[in-house]
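So the structure is just underneath, and the comments pick up after that.
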Amino acid sequence: MRTQKKRRKQCKTDYGKRLKLLKSESPRLVFRKTNKYFIVQYVLSEEAQDKVSFGFNSKLLLKYGWPEEFKGSLKSIPAAYLMGYFAGKKILKDKLTQPIVDIGMIRNLHKTKFYGFLKGLIDSGIKINCKKEAFPEEDRIKGKSLKKDFSKTFEEIKIKLEK
């Protein structure tokens with residue numbers, strides 16, 4: 001019996017998926033979840049060594065008008081959408097190469113935060129093939145399902161992110 005590699009045991013790396021991503025020789029847009037935030041990084045790989053061109057986490061949304069009372073929901077579907085939207089605008093503004101989205105060990109389930117992130121990328125102008133049925137409902141993306149109606153604040157933040 002073969003022993004698993006350390007990072008596979010820790011549920012951090014899927015080596016088969018990573019090898020396919022490296023063979024594509026395309027830049028990756030890495031999307032990760034922590035206990036409090038989302039992390040987004042634009043990564044270039046040269047000879048299996050990763051170089052991060054830019055990266056940020058969902059704490060960034062606080063600078064763009066995310067209310068302090070919703071600080072605990074920086075890992076919600078609206079936050080994921082806005083992170084995707086901001087990443088897409090940054091890629092287009094800096095004229096970077098079209099990336100492949102890398103979700104790592106996150107489970108690929110429809111109508112989840114990851115698909116909210118993808119919807120943000122697509123709405124910003126990045127071309128990604130994805131079924132429309134996989135995206136969360138518009139009300140959930142705009143934050144109408146949060147404790148208080150978040151849709152007005154959501155639109156204000158989205159406008160600020162475009163600049």
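The values are calculated or read from the model by the stated rules, or taken from the named source; none is laboratory data. Note that the structure is a prediction, hence the values are computed from the model and not measured. As a convention, Cβ positions derive from the backbone with ideal geometry for all residues, glycine included, and neighbour counts pool all protein chains shown. Just so you know, the surface numbers come from the protein's heavy atoms only, side chains and all, with ligands and any DNA or RNA stripped out. Shrake-Rupley method; radii C 1.70, N 1.55, O 1.52, S 1.80 Å.
Sorting 146-158, 45-57 by their mean Cβ neighbour count within 10 Å, with the most densely packed peptide first, gives 146-158, 45-57.
Hey, with R₀ at 30 Å, roughly what FRET efficiency would Gln98 and Arg8 work out to, going by the Cβ-Cβ distance, to 0.05? Result of the calculation: an efficiency of 0.55. A simple packing score, the average count of other Cβ atoms within 10 Å per residue, orders the peptides 20-33, 61-74 as 20-33, 61-74, with the highest score first. Under 16 Å from a point 7 Å along the Cα-to-Cβ line of Lys63: which residues of segment 137-155 have their amide N that close? Under 16 Å, as judged by backbone N against the label point of Lys63, lies no residue of segment 137-155. The separation of segment 90-163 from segment 1-33, counted between C-alpha centres, amounts to 23 Å. Accessible area per residue was computed with a 1.4 Å probe on protein heavy atoms; Asp14 scores about 60 Å². When the pairs Lys20/Lys93; Lys75/Lys119; Lys36/Lys163; Lys71/Lys158 are compared against a 23 Å limit on Cα-Cα distance, Lys20/Lys93; Lys36/Lys163 fall above it. The aspartates and glutamates within cross-link reach of Lys17, meaning a Cα-to-Cα straight distance under 12 Å and a gap of 8 or more places when in the same chain, are Asp102. Over the chain, all Cα pairs binned in 5 Å intervals from 0 give whole-percent P(r) values of 2, 8, 17, 21, 20, 15, 8, 5, 2, 1, 0, 0, listed from short to long. By the combined test of axial Cα extent (at least 15 Å) and Kyte-Doolittle hydropathy (mean at least -0.5), the qualifying DSSP H helices of the chain come to 77-93, 113-124.
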